[in-house]
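Contents: one structure, followed by commentary.
Every read-out reported here was derived from the displayed coordinates using simple, explicitly stated rules and does not represent laboratory data. Nothing here was measured: the structure is a model prediction, and the numbers come from that model. Here Cβ is always computed from backbone atoms with ideal geometry, including for glycine, and neighbour counts include all displayed protein chains.
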Amino acid sequence: MDRLWVQSAGARLWHWVLDEIIRAPLEPILHPSSNRLIWIGAFTFFGHIIFAWVWGRWLPQPYENPGVRAAMALLALLYLLPAVYKEPASQQSGWLFTVATWVQLPWFFTWMYCMNDGNQVWLASLTAMILIYYHATDWRLASLGLITGGLAGWATAGLMHVNSAPWREPLANIVVIAFGSVMGVMLGFSSANLRRARLFNTLSTMGVMAHELRTPLATVNLMGDVLRNLVQHDVPESKRKKIEELSGRLQNLVRSMNRQIDTQISNAQLLRLPREQSAIMAAELVNELVSHYPFRSFRERDCVQVHIQQDFCFQGSRPLFAQVLTNLLKNALHSLASAGAAPQPGDLRIQVGLHHGKGRIAVSDTGVGIPYEKLHRIFEPFFSTQVGAGSGLGLTFCKNVVEAAHGQISVHSEPNEGAVFMIDLPLDTPKDA
């Protein structure tokens, strides 16, 4: 009994580590916004200049380096680059922010702390830096940055600091720094949980609202059926065609709205995807999806071609992977519609086969494609290439589902020539093989 309890507790702990530390999305810039980055850049730039005067002239410290201060001030201008502050949620902005902040906070403050023999001024400054660091970036990045930046700053000071005086009360300094670090981790972790909880509640509300819309849509769909039945009795031919056309439009609208509802309900699971997996045959999944997809016209249906080069089996959540392919098919059809010309057979292809020892499902179209400057951001949450349409969560959901099955999703696109989305998955042996 005790062994089972320990195993259960260990499993729960491992799932907690996976969900909260490993799988939780990284946030290089907390609360990313253009105004926040501008304020951070301006405050950091002028702050280095002011403190260079304060610690060098007004309240002189044992060591101050105007040259390094100037370099830190110039480094702060990275936050003010248009490529950074105009797109604070992009991957490029995140990496530039991470590097610049790592140099200016843990490396610089640790180095200056050591160069000033750990005096009270720089002990307080170092502790304040720790709390600021956890407030600026993801707590995991901050923890890693403190370790690497602290070691790098200490090593730099060791190379430069010759015949230094012994630190005063080194044990007391260690206790203060450790306390600041622990508090930083706790505050950063709790803040991350709060942000994810708010996002999860928002997504859940979206899912509930989307689900509730099915009731009025079912009524609208029933009205379409009633109209179709009415035209069969004592209705002139001219009016019959108009009523049938109206009924068809209503039912197409219902199908379109139901697709949107399915997408939003899936988005509600964005942060808590089910762990249940089963063996899935790729060809069967693709054929079933295409046969049940609510195409808007026969021409749209006929433009889709399925090519099974070699079937394969993989482990995953069948409902979620069906939604992944639905999202990709919907995006491809939207791209074809945006191209302007009527879709032709083969304009949208779904291929199933093997590639470098893995199973691959590829969805390709000949639509408008994706601009080069947006290609690296399409899997980011809330980013959409469809101006004024889409929640920006569809491809993020696809990426999370595929990665939960230990697979990878990638894209290749040329503007005005279409796009190819490729899902590569580890192979699994069917049980009846």
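Where the Cα atoms of segment 322-379 are projected onto their three principal axes, how long is each span, largest first, in whole Å?
On the principal axes, segment 322-379 reaches 38, 30, 21 Å in Cα extent.
Name the residue from N65, L81, L96 whose Cα lies farthest towards the positive end of the charge dipole of segment 34-147, charges +1 on Cβ of Lys and Arg and -1 on Cβ of Asp and Glu.
The listed residue farthest towards the positive side: L81.
Which pairs break 23 Å Cα to Cα here: K242/K330; K330/K358; K330/K399?
Working: K242/K330 28 Å; K330/K358 25 Å; K330/K399 16 Å.
From the list (K242/K330; K330/K358; K330/K399), the Cα-Cα distance tops 23 Å for K242/K330; K330/K358.
Students often forget the sequence filter, so: which lysines lie under 18 Å Cα-Cα from K241 once same-chain residues fewer than 8 apart are removed?
Partners found: none.
What is the packing order of peptides 396-407, 80-91, 143-154, taking the mean over residues of other C-beta atoms within 10 Å and listing the highest first?
Values: 396-407: 19.8, 80-91: 16.1, 143-154: 18.0.
Put in order of decreasing packing, that is 396-407, 143-154, 80-91.
Work out how far the C-alpha atoms of segment 27-136 reach from end to end along every principal axis, then list the three figures in whole Å, largest first.
Cα spread of segment 27-136 along its principal axes, largest to smallest: 41, 22, 17 Å.
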